[in-house]
1. Looking at segment 226-307, which GluC sites (Glu not before Pro) are DSSP coil and have at most 16 other C-beta atoms within 10 Å of their C-beta?
2. Kindly report, to the nearest 10 Å², the accessible surface of TYR79 as traced by a 1.4 Å probe over protein heavy atoms only.
3. Fully extended, how many nm does the chain gain between LEU274 and LEU442 (0.36 nm per residue separation, minus their Cα-Cα distance)?
4. Each label point is 7 Å from the Cα along the Cα-to-Cβ direction; what then is the distance between the points at THR431 and ARG189, in nm?
5. Sticking with the crude label model, points 7 Å out along Cα→Cβ, report the distance from LEU140 to THR106 in nm, one decimal please.
6. So how strong a dipole does segment 392-443 carry about its Cα centre when Lys and Arg Cβ are +1 and Asp and Glu Cβ are -1, to the nearest 20 debye?
7. Note down the nm distance, to one decimal, between modelled labels 7 Å out along Cα→Cβ at PHE69 and at GLN202.
8. Only Cα pairs under 8 Å and at least 6 apart count here; give the relative contact order of segment 214-320 as a rounded whole percent.
Amino acid sequence: MTESTPPNPAENPPLVLRLLKALLASWQAAAIYEENNNAYRMRRAELQDSLRALFDSGVDCRITFQGGFFFFNGTRLKYDHAFTFGRTMAARFANLRLGELNILQTAHETAVDQALFALAHTDSKESDPFSALAQTWRELDIPGVAIGPILDVEQDVFDPANLTEASRRQRAQALFGRAESVVQDMWKRVRDRNSFDASTTQRVIHQLIDQIAQDESTLLEFTALKEFDEYTYYHSVNVAIYSIAVGMRLGLDRGRLTSLGMAALFHDIGKVKLPHDLITKPDEYDEDDWVQIRRHPALGALTLANMRRIDAEIAVAMAGAFEHHLRTDMSGYPKLSRPRKLHLYSRIIALCDAFDAMTSGRVYQKEWTSPDEAIRRLVYKGREWFDTVVLKAFVHVLGIFPVGTVARLSDQSIAVVICNNPDDPYAPEVTVVREPDGASCLRPLTLARRDTPGSDGNLYITAILDPTKEGISIGDYLASIPDAEEVGIDVT
C-alpha cells in the first residue's frame, strides 16, 4: 500500500476526526460490553463506516502517537475544539505505550473486533504493557491491523499528571481570574459609556475556547467556586465556560463559539440598570424585588441595542440577554404575547444559567442545591423547559457527579469530585478530604462503580453532602488564582 496524505493537512479533516471519534467510542465499548452486545456492535458499525468512507476517499489509516501528539499518515493533528476527545485517546495510547496503529483496507470486520478487544483488555498496569499487547496480537494473528510501540518512552509518553498538570492548572486559574476582570470592566463601561472594549472581550473568549478545547476539566473546576464577593461577575464567566463547552459538544465552529461566548458574558448585562443593592441582596426577594429583577432581560436587550458598536455578535447577544429566562414552553420571563422560536445560543445560555444559579444558592435561589441534584432537576424539567439536545450535551459536559460535588464514600470518608471520568461517569476522580476517622487529608482517588462486578473492594459514592453543613469550602482545594501575566496570558 502506498503512503497517502489526508486532505487539508493544515487542519483536522472531518473524515479523520470522525474516524478517531468512532475508534475511541468502539474501544470504550469493547471494555464494557461483549462482542455480540448491540451497544458495542452499533459503535463498531460506526467505525467500519468511517473506515470505509476514508478508504473510498483514497486515504490510508495510519495513526501515530509520539511526543503527546497524534499524527495521521504523517500529518500532525491539532488539539482544537473539534478534537476535544484527543486527550482521552492520548491517555489510552500512552497507558499501553502504543505508538502506532495501522488499519489496512484489507482488514475484515472480525479482525477489527479482535484488535479492539485486545486493546481494551490489555492491562495497562503491566510492567511492559505494549509487550503484553504485542503477545496477544501474535497469538490472535490479527490480519490487516498492525501496531507499534512508542519509539522513545522516556521522551514521548503523554503523561499530563506528571508533565503538565501544574502548569495547565495555573494557567486555567489565571485565565478564569482574567475573564472575571474583563467582565467587571465590561459592565462598568456599559453602565458609564454604553460601550465596551471589544478586542479585549473577544480575546478572552478566544482564550477560553482554546483552554476548554485543550483541557476542559481543569477550567470546569473553577466554575464550582461560588464563594466570591463579586459573584455576579463570576456567574457570567461560569455561564460562558459552560456554554462554550456545550457548544463544542454540539459541533459549533470557532466563529460561532466566539459569538456564543460573547452572548453568555452579556446575558445578565441588564442588571447594570438595576440597583446594586438589589443585585447583591442577601435575603429572599419579596414581590417588589421580583418585579424589578424580572426587568433585567428586557433591559439587557435595550442596553445592547443602545451600544455605540452594533454588529452581528451584539445582535445575538441581544437575543441571549432577552431570552435567557424564557423556557421552550414560553414560561419564564419576560411574558410574551405570542410564542417565538428561541435562538440556539439563548437555549444553551438558559440551561447553563439555571444550573449555575441553582448550585450557587446566591442568584434568585437562596437554598443551595447539590450539583448532582441540580442535574436531576434540569433533566426532570427538560422536555418542558429546555432544548433536549442541548440538555444531553450539557449533561455530557458536567457528568453524573459534576466537579465540585462533595460526597460520602463507601468507607465513610468524604471527598470532592475534581474530574469526571470520560470512560465511566459513575466513577469520577476525587480528592479525599476527610478520612473515615475524621482526620483531614488530601488524597487523590479514582472511584469504582457501585454496580460493577468485582468492585466490592473499591470505593464508590454512597451519598451527596452539603459542603456548608460539612464545613468544607471547595476553594480550599484549589490554589489561589495567580496573576494572568505571570503565566503568559495576553491581558492587552
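1. Of the GluC sites (Glu not before Pro), the ones in loops of segment 226-307 whose Cβ has at most 16 other Cβ atoms within 10 Å are GLU227, GLU230, GLU284.
2. For TYR79, solvent-accessible area is about 30 Å².
3. 56.2 nm
4. Those two pseudo-labels are separated by 3.4 nm.
5. With each label placed 7 Å out from Cα toward Cβ, I get 1.9 nm.
6. Numbers: 4 positive and 6 negative charges, 41 e Å.
That gives segment 392-443 a dipole magnitude of about 200 debye.
7. Going from the PHE69 label point to the GLN202 one covers 2.7 nm.
8. Numbers: 88 pairs, mean separation 28.3, N = 107.
Dividing the mean separation by the residue count of segment 214-320 yields 26 percent.
The values are calculated or read from the model by the stated rules, or taken from the named source; none is laboratory data. Predicted model only: the values in this text are computed from it and were never measured. Don't worry about glycine lacking a Cβ; one is built from the backbone with ideal geometry, like all the others, and counts go over all protein chains shown. Quick note on the areas: whole protein, heavy atoms, side chains included, nothing else; ligands and nucleic acids left out. Shrake-Rupley method; radii C 1.70, N 1.55, O 1.52, S 1.80 Å.
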